[in-house]
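Take a look at the structure set out below.
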Amino acid sequence: MSLLSRSLVQCAGRFFPALQQRCVVCGVVLPWDDQQGIKLIPAGVCAPCRTLLQPRTGAFCPRCGLIFPSPEEPVSLCLNCRLSPPPWQETFFFGPYEGLLKDLVLRYKFHGQLGLSLFLRGLLQHALSRGNGRVFDIVTPVPLHPEKLRRRGFNQSLELVRGLDRKGQGTVVPKAIIRIRSAPDQHALVRAERIRNLKGVFLADSALVCDKSVLLVDDILTTGATAKAATEALLKAGAREVCLAVLARA
Ligand SMILES: [Zn+2]
Ligand SMILES: [Zn+2]
């Protein structure tokens, strides 16, 4: 960009504050990055927010995403996954469900801050980069029950998978799996009850998933009851294998 057009853009930003780009996380006006000319900090996030959003690179179980207490531990299978692994093969996640990442997921999901979806999609893609360029046949979100979808207005997991096909992650197939009944509220239940509660909730379309490798996407992974029920439905419909991608692991 020429010196003239650069000063024009800077002037416009000074006199019309609405034109200034702000951090999508905290709203602070982003500085011009002088090293790279007029280019703004990538992804529209300020440096302090960026340091609070670091991906987890070690001390977790690659199968279920369990986060180990000591950050020095290597990435290795947890005891549960050695003894009775979940039906999915691998869990990709950006970071633990805490701090700023947790705030962002809650703002996005319960306060309808859809402006965050592009940014959160970037975090999910970052999590998937751990797969070393691995491509899935199809990418599909964990579905919401239609009634919940009407109340919330959007499916947070569907918004997260948009664009993953352009990133070469696999073909996005939004309705490969559907909810055929709503599950009573899961919050007050212990894990075994949650799993029972979700039996028969999901149905996968075998015409879409048979013999396919599937990447199942959700916003967070907590007890794994939902992921287990959805994965089992996909495998029952003939999916070859299922992996899981979430923003945060609780
Ligand atoms: Zn910020
Ligand atoms: Zn594990």
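Straight-line reach from LYS109: taking Cα to Cα under 28 Å and skipping same-chain neighbours fewer than 8 places apart, the lysines in range are LYS148, LYS167, LYS175, LYS199, LYS228.
Rank these for me by crowding, THR226, THR171, THR57, THR140, going from fewest to most other beta carbons within 10 Å.
Details: THR226 22, THR171 15, THR57 10, THR140 30.
If I rank by nearby Cβ atoms, fewest first, I get THR57, THR171, THR226, THR140.
Subtracting the Cα-Cα distance of SER129 and VAL75 from their residue separation scaled by 0.36 nm leaves 17.9 nm. Taking label points 7 Å from Cα along the Cα-to-Cβ direction, VAL29 and ILE178 give a separation of 5.1 nm. In the chain, the DSSP beta bridges split such that about 25 percent are antiparallel, to the nearest 5.
Neighbour counts of C-beta atoms inside 10 Å place PHE136, PHE110, PHE154 in the sequence PHE110, PHE154, PHE136, starting with the fewest.
Mean residue ellipticity at 222 nm, helices only, the chain: -9000 deg cm²/dmol; runs of at least 4 DSSP H residues each add -39,500 (n - 2.57), and the sum is divided by the number of residues.
Calculated FRET efficiency, PHE68 to GLN113, Cβ-Cβ distance, R0 = 25 Å: about 0.20 to the nearest 0.05. Per-residue extension of 0.36 nm, minus the Cα-Cα distance of LEU106 and ARG50, leaves a gain of 18.4 nm for this segment.
Loop by DSSP (not H, G, I, E, B), at most 15 other beta-carbon atoms within 10 Å: where is the longest site-free stretch of the chain for GluC sites (Glu not before Pro)? Don't skip to the end; give the middle numbers.
Numbers: sites that count: GLU72, GLU98.
Between the exposed loop sites, the longest stretch runs 99-250.
Ranking GLN156, ALA183, LEU114 by how far each Cα lies toward the positive end of the dipole of the chain (charges on Cβ) leaves ALA183 at the top.
Arrange the following residues from fewest to most other Cβ atoms within 10 Å of their Cβ: ASP137, ASP218, ASP211, ASP103. Could you put the intermediate results ahead of the total?
Values: ASP137 17, ASP218 21, ASP211 9, ASP103 12.
Ascending Cβ contact count within 10 Å gives the list ASP211, ASP103, ASP137, ASP218.
FYI, it's all coordinate maths here, none of it is from the lab. From a predicted model like this one, the values you see are computed outputs, not experimental measurements. No Cβ is skipped: glycine too gets one built from the backbone with ideal geometry, and neighbour counts run over all protein chains shown.
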